[in-house]
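These notes are about the structure you will find just below.
All of the numbers you see were taken from the coordinates with simple rules; none came from a lab. Because the structure is a prediction, the values reported are computed rather than measured. Glycine also receives a Cβ, built like all others from the backbone with ideal geometry; neighbour counts cover every protein chain displayed.
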Amino acid sequence: MSQTASIDTAIEQVERLYRSVTGRDAPPTGEKPYATIPPEKVPEEYVQEQVDRLVETLSEFSEQGGTGRTEVEWKPPITVWEGKNEILIAVDLPGTARDAVHVTVDRGVIQVHGARPVQESPNGDQPTLKYAERPYGKFRRAIPVPFATRLEQLHAQMRDGVLEIRVPRLPGGSDARNVPIA
């Protein structure tokens, strides 16, 4: 596939995304909906300009009411350490208040869920959020734990934007077993 064809494919995918979000065709760049890359432009920069144009149009559509921004659940990153005496699970939740996080245990699965609000402007005024790479809204993680643990002694603590969940292991307990084949 040539470089021009791959760029055209990328532009078509972004325009399909635009149509699926807004229900309308993407605004044309000029007379032709799929303009060729002008020879005086660097292809990567031209594609970035087109993507920026579509993203800006999407944000304008969202501000005008349209379908609005729908919050989708996001998954905060986790890290799991498994030691001889305990399992430590760390869930990264910067900017999330302790009372906005809930931890439940059911049938050997730890569920962490809650919501992180949109970050306010540092100077306190109410500007319109234009761009954010940091997810916000509802989140949920389901973390299965081995059977050889003491889930009733689970301990959760929030510190510096990280939720730490400690699950004690049973002494000498192991989840490994031989299964006879019939």
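Whole-Hz Karplus ³J(HN,Hα) for region 74-79, in order, using 6.51 cos²θ - 1.76 cosθ + 1.60 and θ = phi - 60°, x for Gly and Pro?
10, 10, x, x, 10, 9
Separation between the Asn178 and His113 pseudo-spin-labels, each 7 Å from Cα along Cα→Cβ, expressed in nm?
Rounded to a tenth, the inter-label distance reads 4.2 nm.
Once R0 is set to 35 Å, what does the formula 1/(1 + (r/R0)^6) return for the Cβ-Cβ distance between Val51 and Asp99, expressed as a FRET efficiency to the nearest 0.05? Could you put the intermediate results ahead of the total?
Values: r = 39 Å, r/R0 = 1.10.
So, using R0 = 35 Å, E works out to roughly 0.35.
Within a 10 angstrom radius of the beta carbon, how do Thr9, Thr128 rank from fewest other beta carbons to most? Could you put the intermediate results ahead of the total?
Details: Thr9 11, Thr128 8.
In increasing order of surrounding Cβ atoms, one gets Thr128, Thr9.
Once amide H atoms are placed 1.01 Å from N in the peptide plane, what residues at a sequence separation of 5 or more from Ile87, or on another chain, have their amide H within under 5 Å of its amide H?
Residues meeting the criterion, in which the H sits 1.01 Å from N, are Val167, Arg169.
Where does the charge balance sit around Lys75 when Lys and Arg score +1, Asp and Glu -1, over other residues with C-beta under 10 Å from its C-beta?
Working: positive: Arg140, Arg141; negative: Glu73.
Overall, the nearby charge balance is +1.
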